[in-house]
Amino acid sequence: MRRPSVSVLVMIGSSPRPLCPRPGRGENNTYVCSVSYRGSGRHYVPRFSMSAPSLRNALVSAAAAAALVVPAVAHADAPPGTVVATRPATSAEGVTGAATVQYVTYRTQNSLNQPATAGALVYTPPGAAPAGGWPVVAWEHGTVGVAENCAPSLAGLGDDTYPTLISTWLAHGYAVVAPDYIGLGTPGPHAYLDGHAEGNATVDAVRAAHGTTPGLSTRWAVVGHSQGGQAALFTASEASSRAPELDFRGTATYAPGASVVDLMLLVGRPGLPDVLSPDMKAYGVYALLGLSAARPDFDLNSYLTPYGQQVLARIRPLCLDAAVTALDGVDIAAMFARPLAEGDFEAIARPVMDVPTSGYDRPILIAQGDADTDVPAPLVYNLVVQLYAHGVNPDVHNYVADDHETILTTARSTVDTYLDTILHATGDTTSTGSAGAGSSVSAAGSAAGLSSAGSGSADAGLESTALSAG
C-alpha cells in the first residue's frame, strides 16, 4: 500500500514552510510526524491512525495551537533570560496545589558563555498574588541522565518525593521555577555537572519566568538535591551578579554533589577493584560524558580503552534507571587506558565541576545524611571545610541515619523553615553563607567527616543578626 501524500504548509515568519512533508510509516497503518520550526525546538505529534485528509487537518490544528503559545521568537544572540516560547505543561507531574503550570523555553549561556536554549517548568500557587508578588523558589533536580528525553519536563519528576517538595512550597505561597538544564528537554548535549552552565540556566530561568508569569516577586531562593545541590551552590555564587535586578536571598541543598573531581581521580584508573555500586558507576560515566560536552576540545578518548568508549556510547542515550541497570557488572577499571590523574584531566575538570569555595553573598544551608552512598558524607564535609577556610559559613545539618533519598523527607521541615526565614526577611540580607547562629557540624568535626549533631532539627538557629523575619 502506498503512503498517502501529505504536505502541509504553515506560515512561519513571512514564508510558508512544509510542516510535515514526509510523515513516517508506523505500525498498524499509523503515521508519525516530527514538527519543527525556527526558534521553537522540536515538537512531536504522537502516533495516530487516520486517513490522509484527517492527518492534514490534524497537522494544521497542531500548527495553529503551537502558534498560539509561541511569543516573538528570540534571536540566537538575544540576552540571557529572553523568552523563546511558552506552552501549558501537559500535566503538573504529580504536583498538587498549583494554580497554573507552564513550560518556558528561554535563552541562556553555557559555561563558555556561548548562547544556548534551556527550558523550565513554572508553577504558581492558588489565589491572588500578595502585595509585592509571590516569592520564587528555584528547584534544581538531581541526576536524570544526559539525553534530551531524560528531562523532568518530559520524563516526569520521578517518585512522589520531588512533587511533594514543590507542592509544599506552593502551599507556603511560593511560585516554583524548575529548570531542566541545558541539553535536557532542549537540543543537547547536556554537560552533566557543568556547574556554571547549570547556574546560568537557573538564574536565567527565574528571569524568564518574570517575563511570562504575572505576580512574581523579585525575591527568590534556590534549592537543589544531588546534582541539583551542586548546581544550587554554583547558582548561589553568581546569582546576585548575574541578575542584579532580582533579589536573591539564599540557597538550600540536600546532599550536594561535592568533591566530584577528587573522587574521579581516585577511581578513574586501570586496576581498580570492582567496588563501585551501579549507581556510582552511572554518575561516573555521566560525569565523563558531561566533561566532554562542556569542553569539546578535551581528548577524553585518550584516557579510555576501546571498551571504555563503547560503554560511554552505550550509556549516553540512557536515562538514569536504565543506565544503572546497564552498568551492573561493567568493569570500570577496564574502561581506562591510563589514570585520570595523568595529563590535563584535573586542570580541565576542576573549573567545570568543583563547587566554588568563595564568592557567596547570601546564606547557605546544607543537609546531608551520613548513610548516603550516592554522595558519601565525607565528600560533602570536605567541601564544608574548604568553605570555612575561605570565610564562608554555611549552616550544615547532618542526619545520622538518612541516605540520599530519605534526607529529602527528614530535612524538609528544616529547609522549609529556612526558606520562610530568608524569603520573608527584612533588612540587610547580605551574608557570607550562614543564615544561622551556628552550624550543626563544626569545622573541626567536618574535617574528620565524623561530627554529628543528631537529627539536625529545624531549631538550630535559622536567624542571624542580619535577618529578621517579617
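The numbers here are math on the coordinates, done by the rules we state, and not lab data. Just so we're clear, the structure is a prediction, and the values are computed from it rather than from any experiment. Neighbour counts are summed over all protein chains in view; Cβ atoms, including those assigned to glycine, are modelled from backbone coordinates with ideal geometry.
How would region 116-265 be classified by its alpha-carbon gyration tensor: rounded, prolate or oblate, with rounded meaning a/c under 1.5 and the a/b versus b/c comparison settling the rest?
prolate
Just order 322-335, 413-426, 256-269 by mean Cβ neighbour count inside 10 Å, highest at the front, would you?
256-269, 413-426, 322-335
Can you check what the Kirkwood hydrodynamic radius comes to for region 260-352, Cα pairs only, in Å to one decimal?
13.1 Å
Taking 7 Å along the Cα-to-C-beta vector as the label spot, tell me the Asp328-Ala171 distance in nanometres, rounded to one decimal.
In this crude label model, Asp328 to Ala171 measures out at 3.5 nm.
For region 172-288, with only Lys/Arg (+1) and Asp/Glu (-1) charged at the beta-carbon, what is the dipole magnitude about the Cα centre, in debye rounded to 20?
120 debye
If packing is taken as the average number of other Cβ atoms within 10 Å across a peptide's residues, how do 142-155, 170-183 rank, most packed first?
170-183, 142-155
Regarding region 93-185, what whole-number volume in Å³ per residue does the convex hull of its Cα atoms give?
Here the figure is 99 Å³ per residue.
Based on the Cβ-Cβ distance of Ala341 and Ala401, what FRET efficiency does E = 1/(1 + (r/R0)^6) give at R0 = 30 Å, to the nearest 0.05?
Once the sixth-power term is evaluated, E becomes 0.30.
7 Å from Cα along Cα→Cβ at both Ala128 and Thr218: what's the point-to-point distance in nm?
2.3 nm
Show me the ranking of peptides 397-410, 112-125 by mean Cβ neighbours inside 10 Å, starting with the highest.
So the peptides 397-410, 112-125, ranked by packing, come out 112-125, 397-410.
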